[in-house]
1. Across region 141-156, what is the total count of residues that are buried (at least 17 other Cβ atoms within 10 Å of the Cβ) and out of contact with any Asp or Glu (no Cβ under 8 Å at 6 or more places or on another chain)?
2. Among the residues of region 101-109, is any touching a strand residue (DSSP E or B) at 6+ places or on another chain (Cβ under 9 Å) and either surrounded by fewer than 18 Cβ atoms within 10 Å (Cβ to Cβ) or of a type in the set (Lys, Arg) (or both)?
3. Tell me whether region 20-39 contains one or more residues that are of a type in the set (D, E, K, R), closer than 28 Å to residue 152 by Cα, in a helix (DSSP H, G or I) and without any contact (Cβ under 8 Å) to a residue 12 or more places away in the chain.
4. Can you run down the residue pairs with Cβ atoms below 6 Å, 6 or more apart or on separate chains, where the first is in region 110-125 and within 15 Å of residue 19 (Cβ to Cβ) and touching a residue at least 40 places away in the same chain (Cβ under 8 Å) and the partner is in a helix (DSSP H, G or I) and among the basic types (Lys, Arg)?
5. Between residues in region 158-180 that are closer than 30 Å to residue 66 by Cβ and surrounded by fewer than 22 Cβ atoms within 10 Å (Cβ to Cβ) and residues that are modelled with pLDDT under 95 and of a type in the set (A, V, I, L, M, F, W, C), which pairs lie under 6 Å by C-beta distance while being six or more apart or on different chains?
Amino acid sequence: MGTSPAVPDRRAVHEEMEQARQTFHCLLDNATVADLRRPSSGTKWTNEQLLFHMLFGYLIVRALLVLARNFGRLPDSASLAFARLLDAGRTPFDMVNYRGSCLGARVIPASRTGRKFDPVIVALERSLEREPDSALRRGMHYPTSWDPFFTGHMTLYDIYRYPTRHFDFHRRQLTLHDPG
C-alpha cells in the first residue's frame with residue numbers, strides 16, 4: 001500500500017471484500033463454542049475476540065475515509081503533524097484497541113457478527129463506487145506504529161484495501177478450522 005495505481009481497480013477491491021465476507025461466514029459457521037473460547041495464536045485475544053477485531057477493521061474504515069477526505073484537502077504538513085501526534089499516543093491506542101475488541105465481542109458476540117459484517121461490506125462497496133478516481137488518489141499521512149498495514153501516506157484507495165489486508169493477517173492467527 002501507499003502507492004495507488006493511476007486507475008484504481010475497484011473490481012479488485014470488491015472481489016477482495018467479497019472473498020473476506022465469504023470466509024468470515026465460513027469461519028463463523030464452522031466454529032463451535034469451544035473453538036470461539038480458545039486462545040488465538042500470537043495475540044492475547046480469544047478467537048471470538050479476534051473475529052470481532054476483524055469485523056472492527058472494516059467498521060473503522062468509514063472514520064479513516066472521513067479523515068483522509070478532509071486531510072487530503074489540507075496542506076500535507078497538517079496530516080503529517082496529526083500522524084506524528086497519533087504515533088506519540090501508541091501506548092494508549094494499543095490498550096484501547098485490545099480492550100475494545102474484548103468488550104466488542106461481548107456486545108456483538110460471534111452469533112451476531114456475521115449479520116454485522118454483510119452491511120458493512122455493502123456500504124463500503126457502494127462508497128467506493130461513488131468515489132471519483134481523483135478522490136481515490138488523494139490521501140494523508142498515517143501513524144505507522146498503530147498498525148502494520150498503515151503506511152506513511154495512504155490514499156483513499158489504500159484505505160479501501162486496508163481492512164481486507166488486516167482481515168487476512170488476523171485470519172492466520174485464528175485457531176479455528178480455516179476453510180480457505
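1. Total satisfying the criteria: 7.
2. yes
3. Among the residues of region 20-39, not one is of a type in the set (D, E, K, R), closer than 28 Å to residue 152 by Cα, in a helix (DSSP H, G or I) and without any contact (Cβ under 8 Å) to a residue 12 or more places away in the chain, which makes the answer no.
4. 121/21
5. Once the first residue is closer than 30 Å to residue 66 by Cβ and surrounded by fewer than 22 Cβ atoms within 10 Å (Cβ to Cβ) and sits in region 158-180, its partners that are modelled with pLDDT under 95 and of a type in the set (A, V, I, L, M, F, W, C) give 165/149.
The values are calculated or read from the model by the stated rules, or taken from the named source; none is laboratory data. Nothing here was measured: the structure is a model prediction, and the numbers come from that model. Backbone-built Cβ (ideal geometry, glycine too); neighbour counts: all protein chains shown.
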